[in-house]
Amino acid sequence: MQLKKSRLRMSTMICAAAMMAVEARADGPHDEHTDAIEVIGHYENAVGTSNAASQGYITPKLIEAKPLSRPAEVLEYVPGVVVTQHSGEGKANQFFLRGFNLDHGTDFSTSVAGVPVNMPSHAHGQGYSDLNFLIPELVSRIDYRKGPYNAQDGDFSSAGTANFHYYDKLPKGIGEMTAGSFGYRRGLIANSTELPNGNLLYAFEVVGNNGPWDNASRFGKQNGVLRYSMGNASDHQSVTLMAYQANWNSTDQIPSRAVSGGQIGRFGAIDPSDGGNTQRYSLSYERRITDHDQEFQLNAYVMRYRLRLFSDFTYFMNNPVNGDQFEQADRRTVMGIAPTWVTTGTLLNRESILKFGLTLRRDAIGTVGLYNSTQRDRASTVREDTVGQTSVGGFAEHSLQWTDWFRSVAGARVDKYNFSVSSNIAANSGKTSDQIVSPKLNLIFGPFDRTEFFASAGRGFHSNDARGTVAKVDPTTLAPVTSAPALVRSIGSEIGARTEWIPNLQSSLAIWKLRLGSELVFAGDAGTTTATRPSKRNGVEWSNRYRPREWLIVDADISTSKAEFSDFDPSGNRIPGSINRVASLGASITDLGPWSASMQMRYFGPRPLIADNSVRSMSTLLWNGRVGYKIDPKTRVVADVFNLFNRSVSDIDYFYRSQLRGETAAVGDTHFHPVEPRSLRVSMLVNF
């Protein structure tokens, strides 16, 4: 097959081909089309393998080299992504990307083993993405895309998308024991076994952690995966069962005045009864059939999910006697199916790929509620709803190789949403629906001397919480409110380049901008939906991977962005919480005799905390390190050090009004969640 056709098919069917390549390395002979990929370092982002400069793939080698304090931190190798936490370890992380404070996942779509992670109409915020059930050692590949330029990406993907793929068969069995500072401990057993007609992968993980907090977090996690797969590269199917549960105490963000006044220490809590518990169980099925120039893929899943979360961010502002703690509860069943067809052929005597697919998802939310509580005892109901949400989408995408140096990828998707809400407040019950069309276009020029150029544009969207689309009154005050639209459009564009012109250096540059019809936010802490103002964002991302020696890999990423409301308001035009500078630098030494090591730096800059920019956060700079020693071919010891220089900085900052015990009125103040102090974790790993 000609290289041109191989490159076209690779670029258009990149996710499927990537999975086949990874499975092949673990399971046997590989598909001929993967030969077009040239791997540099830990990334398979070579020229000819993507449709945009901001699209890429992360391999297990990188995940293995990076010290991780939380599972979701693997996403920080997506250039420009920051993963933090403002609460207990069992709660979903905070995400930042492209000028967004993504909260717990809105506008950033994620999936694991074909199962979506984002939760619409969630008790703690729209798009809630809890990745604590992820087991990094099982990840065979992460493919990521930024911006609304890909037709297969729908809800929550305006800023970006990341899909985690699990191995069918582990290269080696894994036994791991970890112990560390502040009572951290982890045990993992994972392996694959051959059965008469396939492979069975199994993994079980147990984690405990108290953290540095004055009120010990007592985080406990049990996590398991069973995955049965059978077939080959042309006819493959798998069934995956995932089960996860966790419980914890929370130390949420705290007011600066409480620390400076000596009321609590830097790692103290105002309400030590905050915390939560969650469960997530899923069963998924994946099928891929390749026949000459046609391919069929199918993902189907069913999931049961539970959450109870207790928080208190305003302390004694609303209830001076018992405090302002509230409980959020979410109980749902999620079902979905997503078939995709790909056909390779010719059009106008040019190589052509047609890809189209459908998505269907149903969230049957038995309870999504907000309650007043005291010391985790439910005191009264603010609101309690039963929600049914169904989304149906279809997309088509066509790739055409016009010349040896130019191809186009044009597509569109159509999405329709139906919402049904039954509320304990009769005025807030009802049904509504909405639909949206999202065209996409990518133009790829090259390669010219191992350099490619990209121009991308597209429309995307995010859905709003179903409760906000039918709301008529505020659940707390019963004052009239305006219902929010179900779907909010985004419009994005990007130009970029990727080059391997300098030997052993892979570099990409992207210049982008994005507009949102409105910054729609569901305030899970208050039970109300607020449709804020329209916004605009733009920025630059520069990503570099350099391998000067076989044993040395250097990564350097810089991202800058500017986020503003696009209309006029006397209160100001800055979007609170939007980070405008992110940088990371890493160096990894591998297979230098028995030794391995890595050093990682992460920086995210100051940001406005209110719209007029008069209150700003400080910047955060952290260094983490890892040293490993191979005792024998099957055994090694790894030591990870987090916050190497013990910097007293914040994971996240907010500015809002709160009232402490003894204060006679609410006070506007900066509230912060501190980065954990320097800590050490030592692991013994045995392969079998």
TODO: For a footprinting-style exposure proxy, rank 310, 219 by other Cβ within 10 Å, fewest first.
DONE: 219, 310
Task: Square roots of 5 times each gyration tensor eigenvalue, C-alpha, segment 388-541, largest first, Å - done: 42, 18, 11
Task: ³J(HN,Hα) computed for each position of segment 333-338 - Karplus, 6.51 cos²θ - 1.76 cosθ + 1.60, integer Hz, glycine/proline x - done: 10, 10, 10, x, 8, 8
Open item on the list: Suppose a student asked you for the relative contact order of segment 184-283, using Cα pairs under 8 Å spaced at least 6 residues apart; what percent would you report?
Closed with: 23 percent
Task: CD proxy at 222 nm, helix term only [per DSSP H run n ≥ 4: -39500 (n - 2.57); per residue of the chain; nearest 500] - done: -1500 deg cm²/dmol
Task: Peptides ranked, highest mean first, by Cβ atoms within 10 Å: ranges 373-383, 412-422, 74-84 - done: 74-84, 412-422, 373-383
- [ ] About the Cα centre of the chain, how large is the charge dipole given +1 on each Lys and Arg Cβ and -1 on each Asp and Glu Cβ? Please answer in debye to the nearest 20.
- [x] 220 debye
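Going by how many other beta carbons lie within 10 Å of each one, how would you line up 432, 314, 635, fewest first?
Neighbour counts put them in this order, fewest first: 635, 432, 314.
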- [ ] For a quick protection proxy, order the peptides 205-217, 585-597 by their average other-Cβ count within 10 Å, most packed first.
- [x] 205-217, 585-597
- [ ] Run down the lysines and flag those whose C-alpha is under 25 Å from the C-alpha of residue 562, throwing out any fewer than 8 positions away in its chain.
- [x] 146, 440, 513, 536
Open item on the list: As a footprinting exposure proxy, order 292, 104, 122 by other Cβ within 10 Å, with the fewest listed first.
Closed with: 292, 104, 122
Open item on the list: Quick check: the angle from helix 14-27's long axis to the longest principal axis of the chain, C-alpha only, nearest 10 degrees?
Closed with: 80 degrees
Task: the chain, relative contact order [Cα under 8 Å, separation at least 6], % - done: 12 percent
Open item on the list: Of all beta bridges DSSP finds with both residues in the chain, what is the antiparallel percent, to the nearest 5?
Closed with: 100 percent
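Bear in mind that the values in this text are calculations on the coordinates, not laboratory data. Keep in mind that this is a model prediction, so the values were computed, not measured. Every residue, glycine among them, receives a Cβ derived from its backbone with ideal geometry; neighbour counts consider all protein chains shown.
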